[in-house]
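Asker: First the structure, which I've put down as structure tokens, then a few questions once you've had a look.
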Number of protein chains: 2
Amino acid sequence: MPKATFFNLPEEKRKLLFDLAVEEFADNDYESASISRIVAKAGIAKGSFYQYFADKLDLYQFLLDEGIRLKMEFLKAHPPPDSTMNLFAYLRWLFKVGLDYQIMHPKLAKVAQRALYGRSPIQPQLNARIRTESLAYLGGLVRQGIANGQLHADLDADAAAFVLHAVSKELGDYLMYRLGLDHEKDDLLEAVRRQNNEAQHIFDQIMTFLEFGMVNSKKGNAP
Amino acid sequence: MPKATFFNLPEEKRKLLFDLAVEEFADNDYESASISRIVAKAGIAKGSFYQYFADKLDLYQFLLDEGIRLKMEFLKAHPPPDSTMNLFAYLRWLFKVGLDYQIMHPKLAKVAQRALYGRSPIQPQLNARIRTESLAYLGGLVRQGIANGQLHADLDADAAAFVLHAVSKELGDYLMYRLGLDHEKDDLLEAVRRQNNEAQHIFDQIMTFLEFGMVNSKKGNAP
DNA sequence: CGGTCATATGACCGAGCGGTCACATTACAC
DNA sequence: GTGTAATGTGACCGCTCGGTCATATGACCG
């Protein structure tokens, strides 16, 4: 946790420091991210930084914690419109809100994504925890869908959870690629608003795939 | 490209250096990987390293090139058993060989994987190229499957290619997770041989999902 | 043997890093 | 004002990095 000094900072300065730190850890992995660069960009002395944070790891943990906190807030702020919706509609909502978060906080999302892929000091625990929780949650949804007959009974819940997990992990990057966007250069919010129809179409096609699979049902059928 | 000196090295020494370099770049991203650590582990002088490679980037490029070359070799050495097989069988083969490569060369595969995710000096070009090529190839397969009636006509080829791409990207890590393996600690070849049935089962379930999707076809049907 | 050329070496360089600390500056209580 | 506590500062430390280079070693040739 940052020291009290950090939270006593005027909001403007605190936010500047936070944003610059997020950017640094979005652009570099933990080892390569540089406190010296952050303080230089922020225009503060190196010593001042260490009045706010115990060390580099303290800052990094704080960024990840904030990322999780903001995402939770975001999910709560965008609840599913209908609690009785069917599973596919719920999955659409789940993925959509995840994408929206990535659009609202692309740099912060990148820090978290990097933490999951690259080696970071807390990687083994964090990565394992997040993957396990994500797979468990999606697996639960699938099992529920099987139980109430929306999904076919022979579906392997773990396999399905994995595919959903893989898709949700890659979806954001893929959409950016398809829309020709770069979160370094583009204003995502504006760009996505402009290309919303195209994005929605791609998204729908992917969700349709997950629902019906690839096989031509006129010849084969679910096992 | 390495200098001639490197290729003149006795094979044992050359292989040791190569393996240690692969390990270093598998465990660290480009910036964090250390030439000093490699030469220390190899027991050679720093100056000697620079008789073999022009600089750090030269070594890194060589590792990636070797990774691609070895994978190509591997694919050629394990061709699909039947050139007239249907698309699903072909996809199973494609993914299976990718997994086998990852088992045979886990560290080298990790270097390449890291190059695609983290920021590396050649990342923007490489990542874009490999993703584009992978998506294009899978998209072509899907279009072909649609044309010959194996896949249903309304399937969006790009969306399908994306899901296949995402799954193939995550599949290796997921299987290791499900089997409780760690390529740092375990002898993958031996472990996978021992747990082959379990691995095969998980793999089959995932492929079945891709084929038939999730929906209960007794109620809904392909669009 | 001597001569030549490829290779091996490690001290060394400048730079950047995370982190520290003695000191300067501010803010506030009285 | 004066005293005190909180905050800001940047020179500095020890370390590691990628990379260089003068020099040493050894292999091959006549």
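The values are calculated or read from the model by the stated rules, or taken from the named source; none is laboratory data. The shown structure was predicted, so the numbers you read here are calculated from the model rather than taken from an experiment. FYI the Cβ positions are ideal-geometry reconstructions off the backbone, even for glycines, and counts take in every protein chain you see. Ligands, DNA and RNA are excluded from the accessible area calculation, which covers all protein heavy atoms including side chains. Shrake-Rupley method; radii C 1.70, N 1.55, O 1.52, S 1.80 Å.
Asker: Any idea what the alpha-carbon Rg over 2.2 N^0.38 Å comes to for region B:57-175? Mind dumping the intermediate values first?
Answerer: Details: Rg = 15.4 Å, N = 119, 2.2 N^0.38 = 13.5 Å.
Here the answer is 1.14, to two decimals.
Asker: Also, quick follow-up: Quote the total accessible area buried by chains B and A together, excluding ligands, DNA and RNA, probe 1.4 Å, nearest 100 Å². Show your work: numbers first, answer last.
Answerer: Values: alone 13350 and 13350 Å², together 21790 Å².
About 4900 Å² of accessible surface is lost on pairing.
Asker: Looking at region A:106-153, what % of the alpha carbon pairs are farther apart than 17 Å? Can you show the working numbers first?
Answerer: Numbers: 571 of 1128 pairs.
Here the long-distance tail beyond 17 Å is 51 percent of all Cα pairs in region A:106-153.
Asker: Which net charge results when you count Lys and Arg as +1 and Asp and Glu as -1 among the other residues whose beta-carbon is under 12 Å from that of A:H78? Mind showing how you got there, number by number?
Answerer: Values: positive: A:K71, A:K76, A:K96; negative: A:E73, A:D100.
For residues surrounding A:H78, the net value is +1.
Asker: With +1 on each Lys and Arg Cβ and -1 on each Asp and Glu Cβ, and nothing else charged, work out how big the dipole of the protein assembly as shown is about its Cα centre, in Debye to the nearest 20. List each step's numbers first, then the result.
Answerer: Numbers: 54 positive and 58 negative charges, 41 e Å.
So the dipole magnitude of the protein assembly as shown works out to roughly 200 debye.
Asker: So, one more: Amide H neighbours of B:S120 under 5 Å, at least 5 residues apart or on other chains, H built in the peptide plane: list them.
Answerer: It is none; the list stays empty.
Asker: Report, largest value first, the span of the C-alpha coordinates of the protein assembly as shown along each principal axis, in whole Å.
Answerer: Largest first, the protein assembly as shown extends 66, 63, 39 Å along its Cα principal axes.
Asker: Could you tell me how far the Cα centroid of region A:127-194 sits from the Cα centroid of region B:143-197, in Å?
Answerer: Between the Cα centres of region B:143-197 and region A:127-194 lies a distance of 16 Å.
Asker: OK, next. Once Lys and Arg get +1 and Asp and Glu get -1 on their Cβ, which of A:F209, A:F25, A:Y90 lies farthest toward the positive end of the dipole of chain A?
Answerer: Checking the options against the dipole of chain A, the answer is A:F25.
Asker: Could you tell me what a quarter of the Cα convex hull surface of chain A works out to, in nm² with one decimal place?
Answerer: On the way: hull surface 58.5 nm².
Taking the Cα atoms of chain A, their convex hull projects to 14.6 nm² on average.
Asker: From the Cα trace of region B:1-63, what convex hull volume per residue do you get, rounded to a whole Å³?
Answerer: Numbers: hull volume 4.5 nm³, N = 63.
Residue-normalised Cα hull volume stands at 71 Å³.
Asker: What net charge is computed for the residues neighbouring A:A157, neighbours being all others with C-beta under 15 Å from the C-beta of A:A157, Lys and Arg scored +1, Asp and Glu -1? Numbers along the way, then the final one.
Answerer: Working: positive: A:R143, B:R178; negative: A:D154, A:D156, A:D158, B:D204.
Combined, the nearby Lys, Arg, Asp and Glu give -2.
Asker: Check B:S32: other-chain or 5+ apart residues with amide H under 5 Å from its amide H, H built from backbone geometry?
Answerer: none
Asker: Run through the other copies and list how far each one's label point is from that of B:F74, in nm with one decimal, shortest first; the point sits 7 Å from Cα along Cα-Cβ.
Answerer: 3.5
Asker: Follow-up question, since we're still on this one. Place a point 7 Å from the Cα of B:M85 along the Cα-to-Cβ direction; which residues of region B:141-167 have their backbone N under 16 Å from it?
Answerer: What the label zone holds, given the 16 Å backbone N cut-off, is B:141-142, B:145.
Asker: Let me ask something else. Of all the residues in chain B, which one has the C-beta that comes nearest the axis relating B to A, and what is the distance in Å?
Answerer: Nearest residue, distance rounded to whole Å: B:G213, 1.
Asker: Could you pull out every whole DSSP H run in chain B that spans at least 30 Å of Cα extent along its own axis and averages 0.0 or higher on the Kyte-Doolittle scale? Intermediate results must be reported in sequence, preceding the final value.
Answerer: Working: long enough: B:56-77 (31 Å, 0.05); B:123-147 (35 Å, -0.11); B:157-179 (32 Å, 0.50).
Counting only whole DSSP H runs, the qualifying helices are B:56-77, B:157-179.
Asker: Could you give the nm distance between label points at A:F7 and A:A136, where each point is 7 Å from its Cα heading toward the beta carbon?
Answerer: 2.9
Asker: Mind listing the label-point distances from B:L116 to the same position on all other copies, shortest first, one decimal in nm, points 7 Å along Cα→Cβ?
Answerer: 1.5
Asker: Which pairs in the list A:K3/A:K185; A:K169/B:K71; A:K41/A:K110; B:K3/B:K110 are over 22 Å apart, alpha-carbon to alpha-carbon?
Answerer: On the way: A:K3/A:K185 34 Å; A:K169/B:K71 25 Å; A:K41/A:K110 20 Å; B:K3/B:K110 25 Å.
Beyond 22 Å between Cα atoms: A:K3/A:K185; A:K169/B:K71; B:K3/B:K110.
Asker: Ok, one more. Heavy-atom accessible area per residue, chain A, 1.4 Å probe: how many Å²? If you can, show how the numbers build up before the last one.
Answerer: On the way: 10890 Å² over 223 residues.
Roughly 49 Å² per residue, with all protein chains present.
Asker: 7 Å along Cα→Cβ for the label point: how many nanometres lie between B:T132 and each equivalent label in the other copies, listed shortest first?
Answerer: Relative to the other copies, B:T132 has label-point distances of 4.1 nm.
Asker: Now a separate question. Mind checking the dipole of chain B: about its Cα centre, +1 per Lys or Arg Cβ, -1 per Asp or Glu Cβ, Debye to the nearest 20?
Answerer: Numbers: 27 positive and 29 negative charges, 34 e Å.
Here chain B has a charge dipole of around 160 debye.
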